[in-house]
Amino acid sequence: MTAARKKLVLVGNGMAGVRMIEHLLKLNPEGYEITIFGSEPYPNYNRIMLSSVLAGGAKMNEIIINDLEWYHSQGIKLHMGHTVISIDSERRKVYSDKGIVAPYDELILATGSNPFMLSIPGADKEGVIAFRDIKDCQMMQKTAESFKKAIVIGAGLLGLEAARGLLHLGMEVTVVHIHDYIMERQLDEAASIMLRRELEAQGMRFLLHKQSEAILGKKRVKGLLFTDGSTADADLIVMAVGIKPNVELAKKSGVQINRGIIVNDYMETNIPGIFALGECAEHRGIAYGLVAPLYEQGAVLAKRLAGVKVEGYTGSVTSTKLKVSGVDVFSAGQFAEPAGSRSLRYQDEIEGVYKKLVIQDDVLIGAVLFGDTGDGAGLFSIIKNKESVKGREKELLLGISADVLSSTQGNRLEAMPDDEIICGCNGVSKGTIAEAIGSGGCNSVGQIKACTKASASCGGCKPLVEGLLQLYAGDSVTVVKEGICGCTTLNRDEIVSEIKRMKLMTVKEVMNVLEWGQEEGCAKCRPSLNYYLGMLWPEDYVDEKESRYTNERYHANIQKDGTYSVVPRIYGGVTSPSELKKIAEVAEKFDVPMVKFTGGQRLDLLGVKKEDLPKMWEELDMPSGHAYGKTLRTVKTCVGSTFCRFGTQDSISMGITLEKQFERLNTPGKVKLAVSGCPRNCAEATIKDFGVVAIDGGWELHIGGNGGVHVRATDLLCVVKTEDEVVEWASAFLQYYREEAGWNERTAHWVERVGVDSIKKALESREERLALKGRIETVLSRTTDPWKQIINESELRKNFETIT
Amino acid sequence: MTKKLVGKVTDIDTRGSRTFIVNDMEIALFRLSDGEVLAVENKCPHKGGALSEGMVCGTKVHCPLHDWKIDLHSGVAMDPDKGCINTFEVEVDPNSGSIYVTI
């Protein structure tokens with residue numbers, strides 16, 4: 001068991017390298033003894049947030065991604081403030097400037113990049129800096145205390161963010177740019193001019209088409225001289241003209257370089273045992289300076305090092321966003337209209353909105369958004385997918401108009417008395433909502449929700465709330481793009497596609513990279529991210545129990561008085577006298593106040609004290625019935641051909657087979673199945689998520705039924721002949737639902753949303769069904785019984801007991 | 001007011017909680033992501049839900065019954081809900097990890 005761990009040395013304690021290590025630790029926690037060298041005297045921090053620190057939106061300690069405790073708990077040896085100065089690739093050792101020698105089996109170079117400094121006379125004067133790390137940030141803050149005038153050279157992304165930060169610090173800021181218009185690498189001229197106007201309104205000054213010749217001043221900078229002979233005064237000059245990969249160490253050590261360290265699709269350099277990734281690496285001629293590509297590279301390298309099969313990295317399509325308060329700019333792909341492309345533009349100078357889409361051969365290849373970037377993530381995913389946009393170009397440009405509510409509903413809402421309850425879950429009346437819109441000034445559903453709680457629980461009344469909004473706010477309604485919760489504006493599909501693209505592996509990472517509004521999310525997004533990650537990475541993701549709802553953490557249903565209810569698994573609803581006796585004895589022993597049959601033909605022991613749960617499970621010695629989770633609940637059955645004179649097939653054994661097959665499966669919402677032995681349908685299979693009805697010589701398969709708040713009868717999916725086919729279709733349907741539906745979306749809503757035909761089409765080919773079945777089997781092979789696990793592990797069991 | 005030793009930091013999972021009873025009052029101890037330990041009365045101001053069973057997000061806990069959000073530092077319910085619960089002073093011995101609650 002205790003095979004010697006291989007030695008892994010990481011040079012560079014930045015986002016790319018450490019992120020890769022996190023990934024590796026998940027895939028193969030025991031494989032390596034890890035040493036990290038970092039030149040900066042800090043643990044791993046989020047460099048993209050530096051501009052927020054400078055602009056006052058975040059504090060320095062808030063941008064730390066992994067604190068020192070994390071390195072310690074992962075057993076990583078960290079040398080902060082150490083620069084690696086040489087590599088001996090023959091003996092496989094690295095040397096730091098402070099005399100540390102570290103041997104390695106695998107060496108990762110993640111040395112990042114350095115700011116590109118203009119080599120003009122005077123560039124070494126005091127007060128000339130770059131904008132790259134915490135040190136630069138601190139220098140700007142300090143300078144702003146005693147000086148007034150700042151010049152930023154370079155009006156790219158970084159330069160403008162630096163300039164905005166300096167404005168925030170109270171300095172007079174002039175941005176100098178060599179080009180005629182700003183951010184020319186991300187924006188076309190129209191968007192650029194709108195951006196400049198907006199920034200000028202914020203107080204920034206621009207000197208365009210100016211080339212710097214020399215920095216003036218004796219010891220400290222005094223000003224800047226341009227090639228046209230003019231000058232500008234400055235107490236601080238920030239150079240933000242680009243970055244260059246930091247390849248010094250690699251170059252000295254014989255690693256092949258061009259602009260960056262040359263790597264192949266597996267991030268290997270020309271020297272065995274030495275890899276490179278992130279901003280220092282050059283892959284297929286490109287050295288990336290953005291976070292998404294380096295995450296994609298890290299995911300490939302982590303798998304490579306963990307010995308997991310992986311397809312190589314093939315490059316990234318990138319998008320950029322400007323992080324400057326009050327200005328929304330987004331750009332992706334080829335915005336400059338290459339030959340043969342067409343473009344669509346929307347420009348509104350009054351509202352300050354500009355949109356441009358570039359299309360080639362019916363495929364979206366680039367987009368620029370200014371003023372309203374809500375569609376950015378959606379457009380970006382269309383660019384990456386290379387799907388045809390034929391016929392919906394205008395819809396993409398203008399955005400999908402919000403559903404206009406019919407006038408009949410408007411009349412009905414108008415006539416409704418003020419005290420009528422709109423939101424039944426939270427008891428919010430029409431009057432309360434009207435008041436929130438009127439005197440409260442709410443003009444979006446989100447604001448009404450935050451203000452009154454209407455539509456904050458089950459969401460069933462949302463159409464009514466929207467109707468009232470339309471009625472009372474009329475023209476001032478703002479259609480806000482709603483994300484999965486208040487922490488993000490991204491919707492389910494955008495989040496899932498970003499997780500896939502960047503191979504994000506933890507809830508924290510998703511929130512970090514996708515810029516969540518709340519650092520630790522909320523009770524809505526946390527469980528959904530936990531679900532999506534588990535669904536996407538069934539073999540690698542470690543379920544985060546603290547992101548699960550109470551019932552799923554304690555594996556029993558919480559009741560209003562804090563007691564719980566226990567439902568043991570009874571396959572197909574068939575039990576035996578001895579099993580019944582056992583349940584009865586346990587119920588008596590623990591003074592269970594009520595024993596009740598559930599709607600799904602199971603026994604519910606209600607009113608159990610939390611501390612009794614593990615003991616009860618132990619004495620029951622039965623599997624958990626999962627009556628509390630977003631998972632397969634029960635498979636209800638009728639008697640079928642076993643006893644019934646009408647039964648055409650053995651519904652009991654079919655039900656038991658299905659329940660055993662899908663037991664413990666995690667799903668977006670709870671899932672109920674039923675099997676009826678004949679078309680009389682005594683098991684009520686046509687109001688279940690997946691219903692099976694036996695007919696003479698076969699089985700009807702039904703989907704999308706619900707007996708809950710909104711009763712919905714199923715749609716017929718197909719008719720099959722054999723039991724194996726029932727299992728095959730059920731597997732394919734459930735897996736397709738797992739992969740496509742939003743978290744907390746029951747099959748009934750999902751089927752209505754996407755249409756039953758789209759599901760039929762997706763499951764039509766046998767090959768696709770078997771692929772889906774294969775994926776669900778992978779998931780199912782990794783489940784364990786939670787009750788048994790808690791009984792056996794004291795670390796889990798302690799949470800059921802009081803602390804003293 | 002008495003200072004009471006109630007356990008060790010390691011007894012509580014990160015973003016988890018444990019409870020204890022003093023003078024018929026149930027108190028919930030929470031351990032936040034940054035290691036801080038906080039103590040509040042284990043009773044949501046809304047319908048008395050056991051906050052100890054809720055999801056911990058940052059410095060707030062979501063009540064498991066109706067999703068009220070309570071700030072664990074102040075005991076105050078977040079908008080649009082109104083209400084407040086008792087909070088208790090917590091001291092953690094940095095060497096031993098022992099938790100002391102003043103009640």
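The values are calculated or read from the model by the stated rules, or taken from the named source; none is laboratory data. These numbers come from a predicted model, not from an experiment. Virtual Cβ from ideal backbone geometry, glycine too; neighbours counted across all protein chains shown.
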In the stretch B:29-52, residue farthest from the other protein chains (Cβ to nearest Cβ) [restricted to those that are of a type in the set (D, E) and part of a loop (DSSP other than H, G, I, E, B)]: B:E36
Residue match in the stretch A:1-14 (condition: under 30 Å from A:A163 (Cα atoms) and either of a type in the set (D, E, K, R) or within 22 Å of the chain's Cα centre (by Cα) (or both)): yes
Single residue of B:P45, B:P94 found to be surrounded by fewer than 18 Cβ atoms within 10 Å (Cβ to Cβ), out of contact with any Pro (no Cβ under 7 Å at 6 or more places or on another chain) and more than 17 Å from B:S17 (Cβ to Cβ): B:P94
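Does B:G16 meet the test of being surrounded by fewer than 20 Cβ atoms within 10 Å (Cβ to Cβ), touching a residue at least 24 places away in the same chain (Cβ under 8 Å) and within 12 Å of chain A (Cβ to nearest Cβ)? Write out each step before concluding.
Values: surrounded by fewer than 20 Cβ atoms within 10 Å (Cβ to Cβ): yes; touching a residue at least 24 places away in the same chain (Cβ under 8 Å): yes; within 12 Å of chain A (Cβ to nearest Cβ): yes.
The answer is yes for B:G16.
Residue-wise test of (1) surrounded by fewer than 16 Cβ atoms within 10 Å (Cβ to Cβ); (2) within 19 Å of B:V61 (Cβ to Cβ); (3) at pLDDT 90 or above; (4) within 14 Å of another protein chain (Cβ to nearest Cβ).
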{"site": "A:R526", "(1), (2), (3), (4)": "no, yes, yes, yes"}
{"site": "A:L529", "(1), (2), (3), (4)": "no, yes, yes, yes"}
{"site": "A:P568", "(1), (2), (3), (4)": "no, no, yes, no"}
{"site": "A:S576", "(1), (2), (3), (4)": "yes, no, yes, no"}
In the stretch A:535-566, residue nearest to the other protein chains (Cβ to nearest Cβ) [restricted to those that are surrounded by fewer than 18 Cβ atoms within 10 Å (Cβ to Cβ) and more than 26 Å from the chain's Cα centre (by Cα)]: A:K560
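Go over the candidates A:W729, A:W699 one by one and state the one that is buried (at least 17 other Cβ atoms within 10 Å of the Cβ), touching a residue at least 24 places away in the same chain (Cβ under 8 Å) and assigned to a helix (DSSP H, G or I).
On the way: A:W699 fails: assigned to a helix (DSSP H, G or I).
Exactly one of A:W729, A:W699 is buried (at least 17 other Cβ atoms within 10 Å of the Cβ), touching a residue at least 24 places away in the same chain (Cβ under 8 Å) and assigned to a helix (DSSP H, G or I), namely A:W729.
Considering every residue within the stretch B:20-28, establish whether at least one is out of contact with any Phe, Trp or Tyr (no Cβ under 8 Å at 6 or more places or on another chain), under 28 Å from A:N66 (Cβ atoms) and facing chain A (nearest Cβ under 9 Å). Steps first, please.
Applying the first criterion (out of contact with any Phe, Trp or Tyr (no Cβ under 8 Å at 6 or more places or on another chain)) to the stretch B:20-28 yields B:20-25, B:28.
Among the residues that remain, those that are also under 28 Å from A:N66 (Cβ atoms) are: none.
Taking every residue of the stretch B:20-28 in turn, none turns out to be out of contact with any Phe, Trp or Tyr (no Cβ under 8 Å at 6 or more places or on another chain), under 28 Å from A:N66 (Cβ atoms) and facing chain A (nearest Cβ under 9 Å).
Can we say A:K219 is surrounded by fewer than 15 Cβ atoms within 10 Å (Cβ to Cβ), over 17 Å from A:T320 (Cα atoms) and in contact (Cβ under 8 Å) with a residue 24 or more places away in the chain? Step through it out loud before you land on a result.
Working: surrounded by fewer than 15 Cβ atoms within 10 Å (Cβ to Cβ): yes; over 17 Å from A:T320 (Cα atoms): yes; in contact (Cβ under 8 Å) with a residue 24 or more places away in the chain: yes.
Judged against the criteria, A:K219 is a match.
Suppose we keep only residues that are assigned to a loop (DSSP other than H, G, I, E, B) and surrounded by fewer than 22 Cβ atoms within 10 Å (Cβ to Cβ) within the stretch A:172-185. Which one would you say is modelled with the lowest pLDDT? Let's see the steps before the verdict.
As a first pass, look at the stretch A:172-185 and keep what is assigned to a loop (DSSP other than H, G, I, E, B): A:177-185.
When the remaining residues are screened for being surrounded by fewer than 22 Cβ atoms within 10 Å (Cβ to Cβ), the result is A:178-181, A:184-185.
Details: A:I178: 94, A:H179: 93, A:D180: 94, A:Y181: 93, A:E184: 90, A:R185: 86.
Out of the qualifying residues, it is A:R185.
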Some residue of the stretch A:434-456 being surrounded by fewer than 16 Cβ atoms within 10 Å (Cβ to Cβ), closer than 22 Å to A:C525 by Cα and within 13 Å of another protein chain (Cβ to nearest Cβ): no
Looking only at the stretch B:1-13, and only at residues there that are out of contact with any helix residue (DSSP H, G or I) (no Cβ under 8 Å at 6 or more places or on another chain) and within 7 Å of another protein chain (Cβ to nearest Cβ), the one that is surrounded by the fewest Cβ atoms within 10 Å (Cβ to Cβ): B:G7
Every pair of residues 6+ apart whose Cβ atoms lie under 6 Å, when the first sits in the stretch A:20-42 and is aromatic (F, W, Y) while the second is crowded, with 17+ Cβ neighbours inside 10 Å and in a loop (DSSP other than H, G, I, E, B): A:F37/A:H82
